[in-house]
1. How large is the charge dipole for region 43-122, taken about the Cα centre, if only the Cβ atoms of Lys, Arg (+1) and Asp, Glu (-1) carry charge, to the nearest 20 debye?
2. When the helices in the chain are scored as -39500 (n - 2.57) per DSSP H run of 4 or longer and the sum is shared across all residues, what 222 nm value do you end up with, to the nearest 500 deg cm²/dmol?
3. Using the Cα centre as the reference, give the magnitude of the dipole from point charges on the C-beta atoms of the chain (Lys, Arg: +1; Asp, Glu: -1; all else neutral), rounded to the nearest 20 debye.
4. Name the chymotrypsin sites (Phe, Trp or Tyr not before Pro) in region 87-163 that are in a loop by DSSP and that have at most 15 other C-beta atoms within 10 Å, would you?
5. Among 29, 117, 83, whose Cα projects farthest towards the positive end of the dipole of region 26-128, with charges put on the beta-carbon of Lys, Arg (+1) and Asp, Glu (-1)?
Amino acid sequence: MLSIVVPTLNAERTLAACLSALVQASADGMVAEVVIADGGSTDMGAMIADELGCEIVNAPRGRRHQLAASADAARRGRWLMFLPTRFWKRLAPRVRSFIEASETRGREQAAAFSFRLDEFGMKPRWLERMVGLRCALFALPYGDQGLILSRKLYDSIGGFREIPLMEDVDLVRRIGRSRLVMLRSGAVTSAERYRENGYFRRSMRNLGCLALYFFRVPPRLISRLYNL
């Protein structure tokens with residue numbers, strides 16, 4: 001039913017937990033394969049994934065390259081699921097319900113999870129609410145919220161494009177609001193980037209990049225500004 005794609009780069013600490021949560025779903029026939037999109041890791045993550053029976057796809061560093069290469073390699077499932085390297089078992093029933101409902105209705109749809117961070121405190125909760133507001137107003141989930149869509153829909157809209165940044169937003173915009181479902185369950189992702197850069201600073205940088213994208217600034221230039 002489902003091909004799961006997990007982009008990784010030195011994700012040894014979180015990958016084992018992510019993959020172990022998929023064991024039951026695989027045994028139930030829900031997950032047909034797990035493809036690890038590795039961007040040149042130097043830790044033991046790829047070895048862990050290989051021992052757990054995952055397919056490893058090596059790609060140039062960069063989420064767009066990793067996701068596109070792995071999606072091309074994932075051919076066993078009718079549906080694709082792009083995941084951050086955290087996954088909780090409670091998400092599986094939501095995924096199954098969404099897929100079954102979409103297939104029953106014969107509709108080409110996609111879905112993303114709510115945004116959750118693995119850190120306590122006011123700042124993470126504030127950011128989660130702001131992301132929820134963005135998704136409600138503009139139907140624009142980011143890649144760290146996960147994305148589920150049928151292989152047919154993914155191929156029909158052309159997959160991930162050759163752009164250095166905003167590839168997740170670009171894909172979601174081509175899916176379109178009318179075909180996107182926001183699931184209530186939260187996909188938990190690491191708060192490390194926000195701790196290192198500061199919650200406010202990183203949030204403003206992300207918002208600025210999004211604004212530049214909508215003003216049709218070339219993604220190549222946005223990528224340079226993002227990495228300053």
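Bear in mind that the values in this text are calculations on the coordinates, not laboratory data. Model, not experiment: these values are computed from the prediction. All Cβ positions, glycine included, derive from the backbone under ideal geometry; neighbour counts span all protein chains shown.
1. Details: 14 positive and 10 negative charges, 79 e Å.
My answer is approximately 380 debye.
2. -14000 deg cm²/dmol
3. Working: 35 positive and 23 negative charges, 230 e Å.
Computed about the Cα centre, the dipole is about 1100 debye.
4. On the way: sites: 87, 88, 98, 113, 115, 120, 126, 138, 142, 154, 160; in loops: 87, 88, 120, 142, 160.
Within region 87-163, the qualifying chymotrypsin sites (Phe, Trp or Tyr not before Pro) (loop, at most 15 other Cβ atoms within 10 Å) are 88, 120.
5. Farthest along the dipole direction, towards plus: 117.
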